[in-house]
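Asker: Have a look at this one.
Throughout, read-outs are computed from the coordinates displayed, never taken from laboratory work. Note that the structure is a prediction, hence the values are computed from the model and not measured. Note that each Cβ is placed from the backbone with ideal geometry, even for glycine, and that neighbours are counted across all protein chains shown.
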Amino acid sequence: MRYPIMIEVGDDDTAFGVAVPDLPGCFSAGDTLDDAVTNVREAAALWIEDALDRGAAIPAPSRIDAVRTDPQWAGWVVGVVEVDPALFDSSAERVNITLPRKVLAARVTCR
C-alpha cells in the first residue's frame, strides 16, 4: 500500500513533521527528512495494525494529486510511504528453519 504523506520541512532548529492524511491522527517527526520518513512508515504500520485489532476499516490510499491540491496542506511537500500489507497478514505459512542442535536438545529436555 502506498499512502501519500505530507512533509513540513524542518531546519537546524525544527524537526521535520510528516502526516499521513488518509490515516487520521497518524503523524511523526524526525531531526532529518530520512528519520521523519522512516518514523512515519512505522507510525502508519502501527496505525493500521491498531485499526485491524479494533475491527475498523483501513482507508484506501488517496490519489497523490488529491492530497497535494488540498488547501489544508498548502506549503507542505508531498511524498509517499510504502506499507507492506504482508505485515498484517495473520494467516499461517509453513517455513523450514535450521536451528543449532543444542537449541533443539534444550527444547526436548524442558518438556
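Asker: Give the shape of region 44-111 as rounded, prolate or oblate, defined through the alpha-carbon gyration tensor: a ≥ b ≥ c are the square roots of its eigenvalues, a/c under 1.5 means rounded, and otherwise the shape is prolate if a/b is larger than b/c and oblate if not.
Answerer: prolate
Asker: Which whole-Hz couplings ³J(HN,Hα) result when phi for each residue of region 15-23 is put into the Karplus expression 6.51 cos²θ - 1.76 cosθ + 1.60, θ = phi - 60°, listed in order with x for Gly and Pro?
Answerer: Rounded to whole hertz, the list is 5, 7, x, 9, 10, 10, x, 6, 10.
Asker: Nearest 0.05, what FRET efficiency do ALA86 and THR14 give at R0 = 22 Å with Cβ-Cβ as r?
Answerer: Working: r = 35 Å, r/R0 = 1.60.
Efficiency for this residue pair is about 0.05.
Asker: For region 84-99, in order, what is each residue's ³J(HN,Hα) by Karplus, 6.51 cos²θ - 1.76 cosθ + 1.60 with θ = phi - 60°, in whole Hz (x at glycine and Pro)?
Answerer: Each residue's phi maps through the Karplus curve to give 6, x, 5, 4, 10, 8, 9, 6, 6, 9, 7, 9, 9, 10, 10, 10 Hz.
Asker: Then there is this: For the pair ASN96/ARG2, report the inter-label distance in nm, with labels modelled 7 Å from Cα in the Cβ direction.
Answerer: Output for this residue pair reads 3.6 nm.
Asker: Still on this model: Rank VAL18, TYR3, PHE88 by how far each Cα sits towards the positive end of the charge dipole of region 2-109 (+1 on Lys, Arg Cβ; -1 on Asp, Glu Cβ) and give me just the farthest.
Answerer: Comparing the listed Cα positions along the dipole, PHE88 ranks first.
Asker: Let me ask something additional. For a label point 7 Å from the Cα of THR32 along Cα→C-beta, name the residues of region 1-16 whose backbone N is under 20 Å from it.
Answerer: 7-16
Asker: Under unit Cβ charges (Lys, Arg +1; Asp, Glu -1), what dipole magnitude, rounded to 20 debye, does the chain have relative to its Cα centre?
Answerer: My answer is approximately 1080 debye.
Asker: Moving to a separate point now. Calculate one ³J(HN,Hα) per residue across region 55-65 by plugging θ = phi - 60° into the Karplus curve 6.51 cos²θ - 1.76 cosθ + 1.60, and present them in order as whole Hz with x for glycine and proline.
Answerer: x, 7, 6, 9, x, 6, x, 6, 5, 4, 4
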